[in-house]
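Peer 1: Sharing a structure with you now.
Values in this text are rule-based calculations from the coordinates and carry no lab data. Just so it is clear, the structure is predicted and the values come from calculations on it, not from any experiment. Glycine gets a Cβ as well: all are built from the backbone with ideal geometry, and neighbour counts include every protein chain shown.
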Amino acid sequence: MTILKQISTHKAVKENGVVNIYELGLDSNDEELKGLPSKYFQDILVRTIPLKNEDDLFAIFDRFEEDNRCNANDFNS
């Protein structure tokens, strides 16, 4: 398992000849989140792409970052 790209909300991992993209679970070390069920701390597989399309990660993660900016903007307004 090799992490190819990671941002605050997602990571791309090379596994078994493909690239799996995960949404990151919550930080289990965050004291404010203690008591939540363990399922909230697990990474969730959201997409798999062929290894030959690894170059697409830039565009995919650019979109994730744009979505994050929009969500943060909506939350703060």
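Peer 1: Report, by residue number, each residue of the range 12-35 that is charged (D, E, K, R), farther than 18 Å from Asn71 by Cβ and either touching a Gly at 6+ places or on another chain (Cβ under 7 Å) or surrounded by 11 or more Cβ atoms within 10 Å (Cβ to Cβ) (or both). Show your work before the answer.
Peer 2: First, pick out the residues of the range 12-35 that are charged (D, E, K, R): 14-15, 23, 27, 30-32, 34.
Retained after the next criterion (residues that are farther than 18 Å from Asn71 by Cβ): 14-15, 30-32, 34.
Residues satisfying the conditions are Lys14, Glu15.
Peer 1: Could you grab the pairs with beta carbons closer than 8 Å, sequence gap of 6+ or different chains, first residue in the range 1-14 and closer than 11 Å to Leu57 by Cα, second one polar (S, T, N, Q) and surrounded by fewer than 15 Cβ atoms within 10 Å (Cβ to Cβ)?
Peer 2: Between residues of the range 1-14 that are closer than 11 Å to Leu57 by Cα and residues that are polar (S, T, N, Q) and surrounded by fewer than 15 Cβ atoms within 10 Å (Cβ to Cβ), the close pairs are Ala12/Gln6; Val13/Thr2.
Peer 1: How many residues, within the range 36-53, are farther than 24 Å from Gly25 by Cβ and either in contact (Cβ under 8 Å) with a residue 60 or more places away in the chain or surrounded by 11 or more Cβ atoms within 10 Å (Cβ to Cβ) (or both)? Write out each step before concluding.
Peer 2: Restricting attention to the range 36-53, the residues satisfying the condition of being farther than 24 Å from Gly25 by Cβ are 50-53.
With the extra rule that they be either in contact (Cβ under 8 Å) with a residue 60 or more places away in the chain or surrounded by 11 or more Cβ atoms within 10 Å (Cβ to Cβ) (or both), the set shrinks to 51, 53.
Final tally of qualifying residues: 2.
Peer 1: Sort out which residues of the range 21-43 are over 15 Å from Ile3 (Cα atoms), among the aliphatic types (A, V, I, L, M) and under 13 Å from the mean Cα position of the chain (by Cα), and write them in order of number.
Peer 2: First pass over the range 21-43, keeping only residues over 15 Å from Ile3 (Cα atoms): 25-42.
Cutting the leftovers down to among the aliphatic types (A, V, I, L, M) gives us 26, 33, 36.
Listed by number, the list holds a single entry, Leu26.
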